[in-house]
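Written out below as structure tokens is the structure these notes cover.
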Amino acid sequence: MSDWPGEERRRPPLSSPTWGIRAPLAAWLQEQAAVGASYRVLDVGCGRKPYYPFFAERATEYVGVDMVENPVAELRGTVEDIPVGDATFDVVLCTQVLEHCDDPVRAVQELRRVTAPGGRVLASTHGTWVYHPSPVDYWRWTHTGLRRLFDENAEWAAVDVRPGVGTAGTLAMLLGTYLDIALRRTALSRPPVWALNRLGAALDGRFPALRDPVPGSLIANFHVVATVPS
């Protein structure tokens with residue numbers, strides 16, 4: 001399904017300033033899509049449903065929800081008020097949405113409400129990143145703050161919070177982002193951004209401490225797997 005919209009999110013080029021977020025996010029979702037043989041998927045804040053191809057072979061249904069008018073979405077609603085019944089989906093996606101929502105507590109409660117027993121919420125959101133209103137940008141988390149958000153506001157069998165990118169990759173993306181902004185009208189930013197992303201990934205891969213959320217770390221993005229009791 002290479003012709004499905006959103007290929008730049010599923011296979012972001014190394015020359016993209018957001019490669020360090022999007023490439024690990026895509027790899028993680030592809031791994032999660034391989035868990036289980038048959039399931040119903042709800043994509044909250046679906047946009048163009050860029051990750052649908054990862055789930056297409058195993059999903060018996062893939063429903064998109066968006067807060068804006070979106071011809072790709074089956075339903076219109078927010079993460080704080082998801083327009084589906086209780087416990088109706090086995091896999092609930094919420095990628096890069098929580099930083100934009102009005103009420104993260106209510107959002108987590110709604111994500112839990114619509115997930116079936118034994119199902120999973122797959123959420124991703126920012127730790128350290130540039131301000132990006134689209135249309136609003138409210139929140140950033142540490143790994144401990146994100147775990148607390150999930151643990152204290154819904155009942156889960158397990159909550160796993162892991163960095164999507166390490167400190168070196170985050171610093172590379174921040175430098176690459178501002179370089180891209182400075183040179184936006186030309187293609188001159190692509191080679192140095194490519195080099196920065198490659199260096200950041202290499203350093204994170206070589207030094208485990210750079211991949212972990214330890215004191216002094218900078219983590220651009222986190223991946224959350226929150227499992228509902230069976």
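The values are calculated or read from the model by the stated rules, or taken from the named source; none is laboratory data. Here the structure is a predicted model, which is why all the values come from computation and not from measurement. Neighbour counts run over all protein chains shown; Cβ positions are idealised from the backbone, glycine included. Ligands, DNA and RNA are stripped out before the accessible areas are found, and what is left, the full protein with its side chains, is counted by its heavy atoms. Shrake-Rupley method; radii C 1.70, N 1.55, O 1.52, S 1.80 Å.
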Those residues of the range 33-50 which are in contact with a Gly (Cβ under 7 Å, 6 or more places away or on another chain) and of a type outside the set (A, V, I, L, M, F, W, C) amount to D43, R48, K49, P50
The range 117-129, subset outside any loop (DSSP other than H, G, I, E, B) and of a type outside the set (S, T, N, Q), residue most open to solvent (accessible area, probe 1.4 Å):
P117
Extreme residue, most open to solvent (accessible area, probe 1.4 Å), among residues of the range 22-76 that are among the β-branched types (V, I, T) and over 29 Å from V136 (Cα atoms):
T60
I'm checking my understanding of the structure. Among residues of the range 41-89 that are among the hydroxyl-bearing types (S, T, Y) and within 20 Å of the chain's Cα centre (by Cα), which one is nearest to A116 (Cα to Cα)?
Y62
Cβ pairs under 7 Å, 6+ apart, first in the range 200-218 and touching a residue at least 60 places away in the same chain (Cβ under 8 Å), second open to solvent by less than 60 Å² (accessible area, probe 1.4 Å) and assigned to a loop (DSSP other than H, G, I, E, B)
P213/I219; L218/T128
Tally, over the range 47-77, of residues that are under 15 Å from E7 (Cβ atoms), in contact with a helix residue (DSSP H, G or I) (Cβ under 9 Å, 6 or more places away or on another chain) and of a type in the set (F, W, Y):
2
Going by the structure shown, is W19 open to solvent by 40 Å² or more (accessible area, probe 1.4 Å), in contact (Cβ under 8 Å) with a residue 40 or more places away in the chain and within 17 Å of G200 (Cβ to Cβ)?
yes
Any residue at all in the range 90-103 that's modelled with pLDDT under 95, buried (at least 18 other Cβ atoms within 10 Å of the Cβ) and farther than 17 Å from H223 by Cα?
no
Within the range 178-186, can one find any residue that is at pLDDT 95 or above, among the aromatic types (F, W, Y) and within 22 Å of R140 (Cβ to Cβ)?
no
P83 versus (1) open to solvent by 20 Å² or more (accessible area, probe 1.4 Å); (2) touching a residue at least 24 places away in the same chain (Cβ under 8 Å): which is the lone unmet condition?
(2)
Odd one out for L111 among (1) out of contact with any Lys or Arg (no Cβ under 7 Å at 6 or more places or on another chain); (2) open to solvent by 30 Å² or more (accessible area, probe 1.4 Å)
(2)
